[in-house]
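Working notes, beginning with the structure itself.
The values are calculated or read from the model by the stated rules, or taken from the named source; none is laboratory data. Worth saying up front: this structure is predicted, and the values here are computed from it rather than measured. No Cβ is skipped: glycine too gets one built from the backbone with ideal geometry, and neighbour counts run over all protein chains shown. When the accessible area is computed, the model is the full protein with side chains, heavy atoms only, and any ligands, DNA or RNA have been set aside. Shrake-Rupley method; radii C 1.70, N 1.55, O 1.52, S 1.80 Å.
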Amino acid sequence: MNLKRLLGIILILLGLLFVIYPIYSASAVSFIAGISLIAFGFAAIIDGFSLLSMMAHMTVIEVLVGMCSIMLGILFIYSIDALSFIVGFQFYLIAFVLILIGLIGLFTRQGSLAKLGSVLILIFGIITVFLAAFSIEQPLFVAILVGVSLLVEGIILLVIPSLDEANAIEG
């Protein structure tokens with residue numbers, strides 16, 4: 001079987017799981033992220049102490065990063081929905097960039113069309129702030145969005161190789 005088709009089937013199945021069971025899939029992502037962060041934290045602490053004799057300041061930074069990672073991992077396992085937190089954080093970063101670009105464009109661009117484009121970018125940035133807040137408040141929203149994205153990507157991976165093969169046969 002073609003690797004793209006196999007990946008497409010896997011993505012469709014994962015997408016269906018995310019759409020049908022958004023609470024469980026979001027919890028599974030949080031659990032996996034938490035375990036990964038805890039493992040990374042312990043590795044960072046061990047690595048930090050191995051640097052103790054060479055660079056004392058790097059040891060402190062490495063140990064602090066490891067401890068923060070472990071605490072965040074525990075929070076993801078027991079308290080915070082990692083999926084909505086990460087997506088919400090990304091939305092906030094994107095909103096900040098859009099607002100900044102929109103404001104800079106308002107003050108630096110010449111012409112009414114360019115200013116209108118900057119205003120639209122600024123409005124999109126403000127809308128993205130609300131999407132970020134909504135995604136953090138509603139973890140199911142994010143899980144369903146991820147599920148739909150996985151479904152679309154899986155369908156594309158199934159359909160595109162078929163179209164490529166059909167074009168190869170015709171040509």
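Among the residues of region 106-116, is there at least one that is in a helix (DSSP H, G or I), of a type in the set (S, T, N, Q) and in contact with a Phe, Trp or Tyr (Cβ under 9 Å, 6 or more places away or on another chain)? The answer is no; no qualifying residue exists. Take the conditions of a type outside the set (D, E, K, R), over 20 Å from Gly147 (Cβ atoms) and either open to solvent by less than 50 Å² (accessible area, probe 1.4 Å) or at pLDDT 90 or above (or both) and apply them to Ser50. Does it pass? No, not satisfied. Open to solvent by 90 Å² or more (accessible area, probe 1.4 Å) and either polar (S, T, N, Q) or closer than 27 Å to Tyr21 by Cβ (or both): is that true of Phe107 in this structure? The answer is no for Phe107. Out of Leu122, Leu151, report the one residue that is more than 23 Å from Leu83 (Cβ to Cβ) and either at pLDDT 85 or above or within 16 Å of the chain's Cα centre (by Cα) (or both). Within the list Leu122, Leu151, the selection yields Leu122. Each residue in region 1-47 was checked for being within 20 Å of Ser69 (Cα to Cα), modelled with pLDDT of 90 or more, open to solvent by 70 Å² or more (accessible area, probe 1.4 Å) and of a type outside the set (Phe, Trp, Tyr), and 1 of them qualify. Among the numbered conditions (1) crowded, with 16+ Cβ neighbours inside 10 Å; (2) in a helix (DSSP H, G or I); (3) not small (Gly, Ala, Ser), tell me where Ile80 comes up short. It fails just one condition, (2). Scanning for something over 16 Å from the mean Cα position of the chain (by Cα), among the β-branched types (Val, Ile, Thr) and farther than 30 Å from Ile46 by Cα, does region 103-116 turn up at least one residue? Taking every residue of region 103-116 in turn, at least one turns out to be over 16 Å from the mean Cα position of the chain (by Cα), among the β-branched types (Val, Ile, Thr) and farther than 30 Å from Ile46 by Cα.
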